[in-house]
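Each remark here refers to the structure printed beneath this line.
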Amino acid sequence: PIPLYLDCDTGVDDAVAIAYLLGSPSINLVGIGTVSGNTSAAQAARNTLDLLALAGRDDIPVAVGAHDHLTSAFGGGAAHVHGDNGIGGAVLPHADREPDARSAVELLIELSHRYAGRLHVLTIGPMTNIALALAADPTLPSRVAGVTSMGGAALVPGNIRPAAEANIFNDPEAAEALLSADWDVTLVPLDVTMEHTLAEADRDRLAAAPAPLAAAVGAMLDHYLDFYVPIYGTRTSALHDPLAAVLATGAITPDRAPRVPVRVDTTDGPGRGQTIADLRGQRIATRDHEGVRTRVVLEVAAPVAEHLMGVLLG
Ligand code: BDR
Ligand code: CA
């Protein structure tokens, strides 16, 4: 299995992604770092520890990462989407352990040495920890086999701002650092994550599942589904972080993912946090730009929700 470091802001859809990763045979979750985003980095760590305890996986280190972003203070989170505690108000049994003594940056760098050349990094929150790790150790990319990141909006509107997706908007400078480092990045933007969804019936099946982790994820989704009613017209969950997790494991491969330069707007204007992917001239054919190591996922045809549910329900 691929050794995988996860960086997250747990988060309802982060929780779904974690549950999926725990059930995926093709990866080995070797460490988790948290960052402020949906909720604070500390609360995200608490949620993550509690989820891992439900799955009997207290062996996976969880390290608290950046509370504030590179150029701004943490803004308080997204309680209207993810509930006050980040996991839709769900109350999980309190895990019998505390976060790792290392910071998320220290954990990531250490894992990159232990699994040099094989470690995969998956980010499903703001990219602050990764930017800090790159600054602390510029040789990090040489030991990382690949990065998969949920974030951005290439050809579709943003969510948190007209042109910006939340993970990028919350730390545009960090996203720019991740995207300009010398490693292979798969960017999984709203273009595809809004196209793959869970329905109310899926939530009900999870909530009724005998496995405590699946049931907990089902309970969390209740609040999250409400947020999407004005967007989809029904109680439906976008699969932002779960889709990135599915692609990171290789269980499903994208149908269209050109390697093109992606820049992030780091100005203070209305475009702050926008991802600008150079997709000029790609109307009828998909073309990779020579030497570019970032691919932007624009199409995933496989039934992601079906695959995800299969893994979640075991
Ligand atoms: C992303 O922002 C967060 O709210 C979600 O967990 C996801 O990572 C979607 O824009
Ligand atoms: Ca997230």
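Read the figures in this text as sums done on the coordinates, not as results from a lab. As the structure is a computational prediction, the values presented were derived from the model and not from experiment. Cβ sites come from the backbone with ideal geometry, for glycine too, and all protein chains shown count toward neighbours.
A few comments on the model shown:
- Relative contact order of the chain, defined on C-alpha pairs under 8 angstrom at six or more residues apart (%): 20 percent
- Cα centroid separation, the stretch 239-314 to the stretch 66-111 (Å): 25 Å
- Phi angles across the stretch 267-272 convert, under the Karplus curve 6.51 cos²θ - 1.76 cosθ + 1.60 with θ = phi - 60°, into 3J(HN,Hα) values of 6, 9, x, x, x, 3 Hz, Gly and Pro given as x.
- For the chain: rounded, prolate or oblate by the Cα gyration tensor [a/c cutoff 1.5]: rounded
- Neighbour-count ranking [beta-carbon atoms within 10 angstrom, fewest first] of VAL35, VAL229: VAL229, VAL35
- Counting only DSSP beta bridges with both residues in the chain, the antiparallel share comes to about 25 percent.
- Paramagnetic reach from ILE231 (point 7 Å along Cα→Cβ, amide N under 19 Å) across the stretch 138-171: 149-171
- For THR148, the residues whose modelled amide H falls within less than 5 Å of its own, excluding neighbours fewer than 5 places apart on the same chain, are VAL121, LEU122, THR123, THR186.
- Most mobile listed residue (GLU173, GLU106, GLU98) in the chain, GNM with C-alpha springs under 10 Å: GLU98
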